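**Student:** Here you go, one structure.
Read the figures in this text as sums done on the coordinates, not as results from a lab. Fair warning: this is a prediction, and the values are worked out from it, not measured in the lab. No Cβ is skipped: glycine too gets one built from the backbone with ideal geometry, and neighbour counts run over all protein chains shown.
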2 protein chains.
Amino acid sequence: MTEKEYMKTALEEARLAFSQDEVPIGAVIVRNGEILARGHNLRETTHSGIWHAEMKVIDEACRKLGTWHLDDCDLYVTLEPCPMCAGACIQSRIRNVYFGAYDPKGGSVATVQRMFRKKAYNHHPSSHGGILKEECAAILKEYFKSKRKNK
Amino acid sequence: MTEKEYMKTALEEARLAFSQDEVPIGAVIVRNGEILARGHNLRETTHSGIWHAEMKVIDEACRKLGTWHLDDCDLYVTLEPCPMCAGACIQSRIRNVYFGAYDPKGGSVATVQRMFRKKAYNHHPSSHGGILKEECAAILKEYFKSKRKNK
């Protein structure tokens, strides 16, 4: 599978989030060419601010592998990670972070800050932004438009 | 209870972590003068890099209150939060963050970066560092010393 194909799977997860009235962001973790974990934002469902898509898949991947070291894992996520999720990529030693749309409000890989480039931190994932960014941004736009309509 | 007394409870949690062979960091969340959640680092037990002490208590507090908005909650933690945990404080709208020891390697509230002061993020907790910092640093030092001995 190519980078775009993995991002399409993350987009499927974003659509699932939309159908559950969650902000539509999806993620997958890939290891040795296989999807190890897939998930989406669950903040409203769980009532807990920590359950962004990235946190779900990182937690699931760690539990599946039985280790908090995800050195040989790549993360694909439809929106640029927030500081919590970028920090979780550092903590869990993710190798590559591929994201779709850029986030001017909270994006902490390329936009608000470049967290992975801070030398003091003990791990520095590589990052690749803008993969299927139109599709990844469109579903978010559609979601927020539907929320405004229903108000 | 005073700030130091809440931090003592966080230190009790750090001691529990030590007894479970986890890096000894503890945290509590306080709301209206009461301890709403208490917990400690569980990275080894869960095999998952996301379960720092702060994440456990934020998740527990959100579930108890049935909302991801912790606007009227304060976090006490024995070590300066890493970028993931500082980001989780922003995401969950924590009001005040009180921490013990400063962390030159990953501290993201005052040391490596001052994350809460970045204007682009949509919430800016207040922070207060150095509360019982000697005790909070001593237990970490003792833990890493014991690990080196046992190697």
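**Student:** Rounded to two decimals, what is the ratio between the C-alpha radius of gyration of the protein assembly as shown and 2.2 N^0.38 Å?
**Tutor:** In units of the globular-protein estimate, the protein assembly as shown measures up at 0.97.
**Student:** Which ³J(HN,Hα) values in Hz, rounded to whole numbers, follow from the phi angles of the range B:42-53 under the Karplus curve 6.51 cos²θ - 1.76 cosθ + 1.60, where θ = phi - 60° and Gly and Pro get x?
**Tutor:** Taking θ as phi minus 60°, the curve returns 9, 4, 6, 4, 8, 6, 10, x, 8, 8, 5, 3 Hz for the range B:42-53.
**Student:** Dipole of the range A:1-125, Cα-centred, from +1 at each Lys and Arg C-beta and -1 at each Asp and Glu C-beta, to the nearest 20 debye?
**Tutor:** 460 debye
**Student:** With an 8 Å cut-off on Cα pairs and a minimum separation of 6 or more residues, tell me the relative contact order of chain B in percent.
**Tutor:** Computed over chain B, the figure is 20 percent.
**Student:** Give me the orientation-averaged projected area of the Cα convex hull of chain B, in nm², one decimal.
**Tutor:** Quarter of the Cα hull surface area: 8.5 nm².
**Student:** How large is the dipole of the range A:66-151 about the Cα centre if only Lys and Arg carry +1 and Asp and Glu carry -1, each at its Cβ, rounded to the nearest 20 debye?
**Tutor:** Computed charge dipole of the range A:66-151: roughly 540 debye.
**Student:** What residues qualify as long-range amide H neighbours of B:Ala37, i.e. H under 5 Å apart, gap of 5 or more or another chain, H built at 1.01 Å from N?
**Tutor:** HN-HN under 5 Å from B:Ala37: B:Ile29.
**Student:** Please compute, for peptide A:39-51, the average count of beta-carbon atoms on other protein chains lying within 10 Å of each residue's beta-carbon.
**Tutor:** The per-residue average across the peptide is 5.
**Student:** Moving to a separate point now. Taking Cα pairs under 8 Å and at least six residues apart, what relative contact order does the range B:58-108 come out at, in percent?
**Tutor:** 43 percent
**Student:** How about the range A:23-113: which trypsin sites (Lys or Arg not before Pro) there lie in a loop by DSSP and see at most 14 other Cβ atoms within 10 Å?
**Tutor:** Here the trypsin sites (Lys or Arg not before Pro) that fit, given the DSSP loop and packing criteria, are A:Lys105.
**Student:** Distance cut-off 19 Å, Cα to Cα: go down the list A:Lys4/A:Lys64; B:Lys105/B:Lys149; A:Lys119/B:Lys105 and report the pairs above it.
**Tutor:** Violating the 19 Å Cα-Cα cut-off are A:Lys4/A:Lys64; B:Lys105/B:Lys149.
**Student:** Taking N as the number of residues in the range B:1-71, what is its Cα Rg relative to 2.2 N^0.38 Å?
**Tutor:** So the Cα radius of gyration is 1.09 times the expected 2.2 N^0.38 Å.
**Student:** Could I ask something else about it? Hey, if you put +1 on the Cβ of every Lys and Arg and -1 on every Asp and Glu Cβ in chain B, which of B:His69, B:Ala88, B:Ala110 ends up farthest toward the positive end of that dipole?
**Tutor:** Result: B:Ala110, furthest along the dipole toward the positive end.
**Student:** Quick one: work out the % antiparallel among DSSP beta bridges in the protein assembly as shown, nearest 5.
**Tutor:** Percentage antiparallel, nearest 5: 60.
**Student:** With charges set only on the Cβ (+1 for Lys and Arg, -1 for Asp and Glu), what does the dipole of the range A:33-88 come to about its Cα centre, in debye to the nearest 20?
**Tutor:** 240 debye
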